[in-house]
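J.: What follows is a structure written as structure tokens; I'll ask about it next.
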Amino acid sequence: MLTIFDTIKDIAIKIDHEIKTEDLGYSDSSNTSGEEQLKLDVKSDYIVEQAFKDVSIVKALVSEEKDGVLELHADGKYTVCYDPLDGSSLADVNLSVGSIFGIYEGELTGENLVASAYVVYGPRIELVLATKEGRPKHYRAQDGLFNFISEITLKDKGNINAPGGTQQHWAEYHKRYVDALFKDGYRLRYSGGMVPDLHQILLKGGGIFSYPGTTDRPKGKLRQLFEVLPFAFIFEQAGGHAINEQGIRLLDLVPAHPHDTTPCFFGTTYEMVALKALYRMKI
Ligand code: AFP
């Protein structure tokens, strides 16, 4: 696993350099989800692919930017599912963006996720690494090296409300939930970048990030394998929760297709209890 984490550190430094120097325009291609690809998306994906080509324990790669599975090493143990540059449309307005990695052993299901990681490209490059042992670990880059900062432990309650999705397409009960938190004094913290938005909740110790099913996107927008499940793993390892709109643990999900999406809620206990009550989920 160490070589995978070390490879992610190398990738982070390279992608950060591209963000700061690469042309921010659109390429002439689009990804499997039909989203137009920025040159940065394509370049970041290439950096990840090239980096893992030399890591023999990596059996295959699944990328948000490409269809299918890229076989690397037949004797490899892990499949790395990744979003090379999540929130890339924010890069050209100089907001933070990120990379997300899920490390799976065996079939690509939530229960086979054995580790996960994400990188935040912001005023500083920050990295969070998680395995099944202990709390997620937070690192910060300085002169190309990652220094350990702290372990991440979530509290029982926070005061951050990060409500995703197009509000005009929210269900009435979801709007009631979001508004109730604001009436309870929660602060709106939503940039449109999943990685910095969730990183903020993790580092501040609590709150809720929601991307529900909406009338225009009933299955939500965020992709299970390389966005939702890696963060679900990190939230649970930090003592938090990650569920879908039926109250099912996101890590219990079995994606039917590599690019399947799911409604998702990441947060701390107090906000999850309130969510289940308002959504009338099985408590
Ligand atoms: P882009 O990669 O197209 O910028 O989308 C970012 C993202 O996938 C995720 O990072 C955000 O949480 C989510 O979309 C924001 O979606 P909304 O703009 O619909 O809230």
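J.: Hey, could you check the stretch 165-212 for residues that are among the acidic types (Asp, Glu) and out of contact with any Phe, Trp or Tyr (no Cβ under 9 Å at 6 or more places or on another chain) and say which is farthest from TYR270 (Cα to Cα)?
T.: Step one: of the stretch 165-212, the residues among the acidic types (Asp, Glu) are 172, 179, 184, 197.
Next cut, out of contact with any Phe, Trp or Tyr (no Cβ under 9 Å at 6 or more places or on another chain) only: 172, 179, 184.
Numbers: GLU172: 21, ASP179: 15, ASP184: 12 Å.
The residue in question is GLU172.
J.: Another question, if that's okay. It is to be established whether one or more residues within the stretch 217-232 are of a type outside the set (Val, Ile, Thr) and over 17 Å from the mean Cα position of the chain (by Cα). Let's see the steps before the verdict.
T.: First, the residues of the stretch 217-232 that are of a type outside the set (Val, Ile, Thr): 217-227, 229-232.
If we keep only those that are over 17 Å from the mean Cα position of the chain (by Cα) as well, we get 217-218.
Yes, some residue in the stretch 217-232 is of a type outside the set (Val, Ile, Thr) and over 17 Å from the mean Cα position of the chain (by Cα).
J.: I'd like the full set of residues that are more than 15 Å from the ligand (Cβ to nearest atom) and either in a loop (DSSP other than H, G, I, E, B) or more than 21 Å from the chain's Cα centre (by Cα) (or both), limited to the stretch 47-65.
T.: Start the filter on the stretch 47-65 by keeping residues that are more than 15 Å from the ligand (Cβ to nearest atom), which leaves 47-62.
The answer is GLN50, LYS53, ASP54, VAL55, SER56, ILE57, LYS59.
J.: Can you name every residue in the stretch 32-59 that is acidic (Asp, Glu) and at pLDDT 95 or above?
T.: Within the stretch 32-59, the first condition is being acidic (Asp, Glu), and the residues that meet it are 35-36, 41, 45, 49, 54.
Listed by number, the residues that qualify are ASP45, GLU49.
J.: Does LEU202 count as out of contact with any Gly (no Cβ under 6 Å at 6 or more places or on another chain) and crowded, with 18+ Cβ neighbours inside 10 Å? It would help to see each step written out before you state the result.
T.: Numbers: out of contact with any Gly (no Cβ under 6 Å at 6 or more places or on another chain): yes; crowded, with 18+ Cβ neighbours inside 10 Å: yes.
For LEU202, the condition - out of contact with any Gly (no Cβ under 6 Å at 6 or more places or on another chain) and crowded, with 18+ Cβ neighbours inside 10 Å - is met.
J.: Where residues in the stretch 66-81 are surrounded by fewer than 16 Cβ atoms within 10 Å (Cβ to Cβ) and small (Gly, Ala, Ser), which of them is farthest from the ligand (Cβ to nearest atom)?
T.: My answer is ALA74.
J.: PHE148 versus (1) buried (at least 20 other Cβ atoms within 10 Å of the Cβ); (2) closer than 23 Å to PHE101 by Cβ: which is the lone unmet condition?
T.: (1)
J.: Let me ask something else about it. Name the residues in the stretch 160-180 that are crowded, with 17+ Cβ neighbours inside 10 Å and of a type in the set (S, T, N, Q), would you? Give the derivation first.
T.: Step one: list which residues in the stretch 160-180 are crowded, with 17+ Cβ neighbours inside 10 Å, which gives 160-165, 170, 174, 177-178.
The one that is crowded, with 17+ Cβ neighbours inside 10 Å and of a type in the set (S, T, N, Q): ASN161.
J.: Is there a residue being out of contact with any His (no Cβ under 8 Å at 6 or more places or on another chain), open to solvent by 40 Å² or more (accessible area, probe 1.4 Å) and either not hydrophobic (A, V, I, L, M, F, W, C) or not assigned by TED's automatic domain parsing to the domain that holds SER88 (or both) anywhere in the stretch 212-219? Quick ask: steps written out before the conclusion?
T.: So in the stretch 212-219, the residues out of contact with any His (no Cβ under 8 Å at 6 or more places or on another chain) come out as 213, 218-219.
Filter again for open to solvent by 40 Å² or more (accessible area, probe 1.4 Å), leaving 218-219.
Within this subset, residues satisfying the condition of being either not hydrophobic (A, V, I, L, M, F, W, C) or not assigned by TED's automatic domain parsing to the domain that holds SER88 (or both) are 218-219.
Checked the stretch 212-219: at least one residue is out of contact with any His (no Cβ under 8 Å at 6 or more places or on another chain), open to solvent by 40 Å² or more (accessible area, probe 1.4 Å) and either not hydrophobic (A, V, I, L, M, F, W, C) or not assigned by TED's automatic domain parsing to the domain that holds SER88 (or both).
J.: Out of the residues in the stretch 82-132 meeting the condition of being within 10 Å of the ligand (Cβ to nearest atom) and open to solvent by 10 Å² or more (accessible area, probe 1.4 Å), tell me which one is farthest from GLU64 (Cα to Cα). Spell out the reasoning first.
T.: From the stretch 82-132, those within 10 Å of the ligand (Cβ to nearest atom) are 83, 85-91, 95, 97-98, 100; that's our starting set.
Subsequent filtering for residues that are open to solvent by 10 Å² or more (accessible area, probe 1.4 Å) retains 86-91, 95.
Numbers: ASP86: 9, GLY87: 12, SER88: 12, SER89: 15, LEU90: 17, ALA91: 17, LEU95: 20 Å.
The qualifying residue farthest from GLU64 (Cα to Cα) is LEU95.
The values are calculated or read from the model by the stated rules, or taken from the named source; none is laboratory data. All of these numbers come straight from a predicted model, not from anything done at the bench. FYI the Cβ positions are ideal-geometry reconstructions off the backbone, even for glycines, and counts take in every protein chain you see. The protein model used for the area step is the full one, side chains on, heavy atoms only, and it has no ligands, DNA or RNA in it. Shrake-Rupley method; radii C 1.70, N 1.55, O 1.52, S 1.80 Å.
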